[in-house]
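The values are calculated or read from the model by the stated rules, or taken from the named source; none is laboratory data. These numbers come from a predicted model, not from an experiment. Quick reminder, even Gly has a Cβ in these numbers, built from the backbone with ideal geometry, and neighbours come from all protein chains shown. For accessibility, only protein heavy atoms count, side chains too; no ligands or nucleic acids. Shrake-Rupley method; radii C 1.70, N 1.55, O 1.52, S 1.80 Å.
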Amino acid sequence: MDVSKRIIVLRERCGLTQNGLAERAGVSQTHLRRVELGQADITIGHLQLLCDAMSISIQDFFQDESNSDEIAVAFSKLSPKQKTLLLSFLESL
């Protein structure tokens, strides 16, 4: 699992910017940016702070959601109308 990519996916799923997540978690925005870029490592303590700020558990963070992550990113790029249409389609199945 790529921890940096997972942080990005979960942060975006929560609707948070890097600055917003860093502020909520009480960590440096610069450090968070470097972690997301893969330029710095993250301690379990800082990861716990990020998870707390996103209201998820460490277990949720490491849960394998390989397909779900890709779907969530694709869904986040849809317009509101496209999201509504997609949800209506899925509910019809």
Practice problem: Kindly express, to the nearest 10 degrees and within the range 0 to 90, the angle between helix 80-92's C-alpha long axis and the longest C-alpha principal axis of the chain. | Solution: 60 degrees
Quiz item: Just from its helices, what would the mean residue ellipticity at 222 nm be for the chain, if runs of 4 or more DSSP H residues each count -39500 (n - 2.57) and the sum is divided by every residue, rounded to the nearest 500 deg cm²/dmol?
Solution: -20500 deg cm²/dmol
Quiz item: Which order do peptides 41-51, 82-92 fall in by mean Cβ count within 10 Å, highest first?
Solution: 41-51, 82-92
Quiz item: How would Ser4, Ser55 rank on accessible area, largest to smallest, probe 1.4 Å?
Solution: Ser55, Ser4
Quiz item: What accessible area per residue, rounded to a whole number of Å², is obtained for the chain using a probe radius of 1.4 Å?
Solution: 67 Å²
Quiz item: Classify region 1-65: rounded, prolate or oblate, from the alpha-carbon gyration tensor (a ≥ b ≥ c, eigenvalue square roots; a/c under 1.5 rounded; otherwise prolate if a/b is larger than b/c)?
Solution: rounded
Self-check item: Only Lys, Arg (+1) and Asp, Glu (-1) charged, at Cβ; the chain dipole about Cα centre in debye
Solution: 380 debye
Quiz item: Ignoring ligands, DNA and RNA, what percent of the accessible area of the chain is carbon or sulfur (1.4 Å)?
Solution: 54 percent
Practice problem: In whole Hz, with x marking every Gly and Pro, tabulate ³J(HN,Hα) for region 38-50 from phi via Karplus 6.51 cos²θ - 1.76 cosθ + 1.60, θ = phi - 60°. | Solution: x, 9, 8, 8, 10, 7, 5, x, 5, 4, 5, 4, 5
